[in-house]
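The values are calculated or read from the model by the stated rules, or taken from the named source; none is laboratory data. It should be emphasised that the depicted structure is a prediction, and the values quoted were computed from it without experimental measurement. Glycine also receives a Cβ, built like all others from the backbone with ideal geometry; neighbour counts cover every protein chain displayed.
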Amino acid sequence: VSKHSTPEDCWVVLYGRVYDLTKFALGHVGGSKLITDLAGKDGTSVFEASHGENVLNSIRNECCLGEVDESTVLEEHRVTASLRARA
């Protein structure tokens, strides 16, 4: 996942699943940067603070690539809502 960390190749971990949000980011209501800033990382905390389960359900079939082994997600790969606010 961490190799897909650009706006042109934007993979994000949400709730233990990997999503290719490259195309989704282009139409994001809050702007693409809010999504692409999470590229290559686990953005679960940020997602939880901003969205409901219905949003995730609406993109799951289109964007979900599969599950991630949570033990491989390092702490530096996790973006928290409080850290995001300072960025």
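Scanning the range 10-69 for residues that are of a type in the set (F, W, Y) and in contact with a Phe, Trp or Tyr (Cβ under 9 Å, 6 or more places away or on another chain), we see that the one that is surrounded by the fewest Cβ atoms within 10 Å (Cβ to Cβ) is Y15. Every condition in (1) more than 12 Å from V1 (Cα to Cα); (2) within 14 Å of the chain's Cα centre (by Cα) is met by G66 except one, and the failing one is (1). The number of residues in the range 61-85 being touching a residue at least 40 places away in the same chain (Cβ under 8 Å) and either on the phi > 0 side of the Ramachandran plot or assigned to a helix (DSSP H, G or I) (or both) comes to 5. Considering the range 1-30, the residues that are closer than 17 Å to A81 by Cβ and part of a loop (DSSP other than H, G, I, E, B) include one that is modelled with the highest pLDDT, namely Y15.
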